[in-house]
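This report concerns only the one structure given below.
The values are calculated or read from the model by the stated rules, or taken from the named source; none is laboratory data. Because the structure is a prediction, the values reported are computed rather than measured. Please note: Cβ atoms are built from the backbone with ideal geometry, for glycine as well, and neighbour counts cover all protein chains shown. Remember, those area values only see protein heavy atoms, side chains included, never the ligands or the DNA or RNA. Shrake-Rupley method; radii C 1.70, N 1.55, O 1.52, S 1.80 Å.
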Amino acid sequence: RVLEQVDAIAAEDTRHTLKLLRHYKIGHKPLISLHEHNWRGRLPSIISRLEMGESVALVSDAGTPAICDPGGELVGGCLSAGFRVFPVPGPCAAVATLSVCGIPLKSFTFLGFLPSKGKDRTLAIHQLTCEPRPVVIYEAPHRVTATLRDLSTALAQPDVEVIVAREITKIYEEFYRGTLQEAAA
């Protein structure tokens, strides 16, 4: 209903969003590309649309918009400009994975994406050694193995249980459950 009613749609990948609109037989809507490389340039034009009385929806490629993607910058910009932002609940990879992890869960730590390299990455991983709660980390597919190895080295606890999940709520969804040491191998 939301996508039918808005005047424009900001999308991480307009090609994916166009498929979604076609699938649900939603008529032509202006699509605004909004991703990590262009959000700064797109924000003023989206704010301008809102100032003219238009409504704009935000669509993410996967998961909940604004969680570890440039949608968060759009939301912050809209709020700073005095506009209300309304969530439309959808899947969140972190919460979906936690819901099937099989451990008692009263709280957890969500870190999003770790820094990809350097001192910031080393520090972020080192800080995890003192974290008593379950930790959720997002990682790029090409860095998963290296991250698991780095975590295994830093934690020095080979029997720590981990769940590695990919493509949550999608057709190729997968879960790996085992020890950190096994996952890093």
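Just the residues that are under 17 Å from the mean Cα position of the chain (by Cα), modelled with pLDDT of 90 or more and hydrophobic (A, V, I, L, M, F, W, C), please, taken from region 164-179.
Hits for region 164-179 are V164, A165.
Among the residues of region 14-59, write down those that are outside any strand (DSSP E or B), in contact (Cβ under 8 Å) with a residue 40 or more places away in the chain and under 25 Å from G82 (Cβ atoms).
L34, R49, E54, S55
Take T145 and decide whether it is open to solvent by less than 90 Å² (accessible area, probe 1.4 Å) and either out of contact with any strand residue (DSSP E or B) (no Cβ under 6 Å at 6 or more places or on another chain) or within 16 Å of C92 (Cα to Cα) (or both).
Against the criterion (open to solvent by less than 90 Å² (accessible area, probe 1.4 Å) and either out of contact with any strand residue (DSSP E or B) (no Cβ under 6 Å at 6 or more places or on another chain) or within 16 Å of C92 (Cα to Cα) (or both)), T145 qualifies.
Take the residues of region 124-142 that are over 17 Å from I103 (Cα atoms) and more than 22 Å from the chain's Cα centre (by Cα): which is least open to solvent (accessible area, probe 1.4 Å)?
T129
Working only within region 99-110, note down all residues that are modelled with pLDDT under 90 and either open to solvent by 50 Å² or more (accessible area, probe 1.4 Å) or under 16 Å from the mean Cα position of the chain (by Cα) (or both).
Once the filter is applied, which keeps residues that are modelled with pLDDT under 90 and either open to solvent by 50 Å² or more (accessible area, probe 1.4 Å) or under 16 Å from the mean Cα position of the chain (by Cα) (or both), region 99-110 yields S99, V100, G102, I103, P104, L105, K106.
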